[in-house]
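Data block below; observations after.
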Amino acid sequence: MTGPAILEIGDVRLTALPDGAADIPTWPAPEPTAGAAPIDWAGYHRAFPEGFHGEAHLWRIHNNCYCLDTGGLRILVDCGVGVGPYPRYGNLRGELPVAMGLAGIDAGSFDIVFLTHAHPDHAGWTFDEELQRPRFGNARYLLHRRDWEHFGGRETVPPYFRRFIQPLQEAGVLELIDGETEFAPGITAMETPGHTPGHMSLLVQSRGQGLVIAGDVLNSPMFVTEPELPFGSDADIARGVATRVALVDRIEAEGWRVAAEHFPAPGWGKVVRVEGRRWFRAL
Ligand SMILES: [Zn+2]
């Protein structure tokens, strides 16, 4: 497995905690819109060899969680795929507890768990293996209200939502976010809807430096180069494109760094220009 790694943004220390990676056999890879240039899969394959497998258009999906230590608070960003086996990712079993052990991070030491959205590959470790108690027993869990209503309000509530999210409310540890919120000094939940209605990204700012943990706005580093490509797993594809284009523009304009849960571990880097085009460059 890929082990934990550390990055500092001003006074905030980030530890990447990989939760495993899987070769996706049939992932709905983006297709260019009619009339647009074909996607240079071979180029992306060369630039991000850890992000693909086999044929160039097949993705290797990584699952990074991030521990943030900031101003006396410890924050976990996303909860990975969990104990699994996670069928959509080739029955992957997550490794977050192993990564935490290697990094010397105790589950009880977290104050906040921030969920970018309510999908099961981001909420798999919310509870202990027996699904009895919240795994991060001293933390409050943050989720956008629109995801709570979107998944919980369906006639048939998805099993993963019943299993990993609803019991958080029953345990009294779920806090719903209604809009852009700086919930800790320099740590801001940004609304980035499209992949899900309540999807959020996390902006980390300290001492003039910034980094955005993009969540599933950016599912592959190739989207930094072509944010306008539609992504078939977005609940609202047009909204997803608009959000992605705006977020990549802003990250570049502000000079922020960027990290993403599904990028090759540890998943952080910067946006650079090569012959006029933007590329993700790992740090
Ligand atoms: Zn995801």
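The values are calculated or read from the model by the stated rules, or taken from the named source; none is laboratory data. Everything numeric here is computed off the predicted structure, so don't read it as measured data. When we count neighbours, we look across all protein chains shown, and the Cβ atoms used for this are built from the backbone with ideal geometry, even at glycine. Accessible surface is based on the protein model in full, side chains and every heavy atom, while ligands, DNA and RNA are left aside. Shrake-Rupley method; radii C 1.70, N 1.55, O 1.52, S 1.80 Å.
Miscellaneous remarks
- Some residue of the range 52-68 being of a type outside the set (Asp, Glu), free of Cβ contacts under 8 Å to residues at least 24 places away in the same chain and open to solvent by 50 Å² or more (accessible area, probe 1.4 Å): no
- Selection of the range 164-183 for residues being open to solvent by 80 Å² or more (accessible area, probe 1.4 Å) and either polar (S, T, N, Q) or touching a Pro at 6+ places or on another chain (Cβ under 8 Å) (or both) yields only Gln169.
- Residue list for the range 25-45, filter: part of a loop (DSSP other than H, G, I, E, B) and surrounded by fewer than 18 Cβ atoms within 10 Å (Cβ to Cβ): Pro25, Thr26, Pro28, Glu31, Pro32, Thr33, Ala34, Gly35, Ala36, Ala37, Pro38, Asp40
- Filtered by the rule that a residue be among the hydrophobic types (A, V, I, L, M, F, W, C) and touching an Asp or Glu at 6+ places or on another chain (Cβ under 8 Å), the range 42-58 gives a lone residue, Leu58.
- Meets criteria (surrounded by fewer than 22 Cβ atoms within 10 Å (Cβ to Cβ), more than 16 Å from the ligand (Cβ to nearest atom) and at pLDDT 95 or above) for Val248: no
- Condition met for Ala242 (open to solvent by 10 Å² or more (accessible area, probe 1.4 Å), more than 16 Å from the ligand (Cβ to nearest atom) and not in a strand (DSSP E or B)): yes
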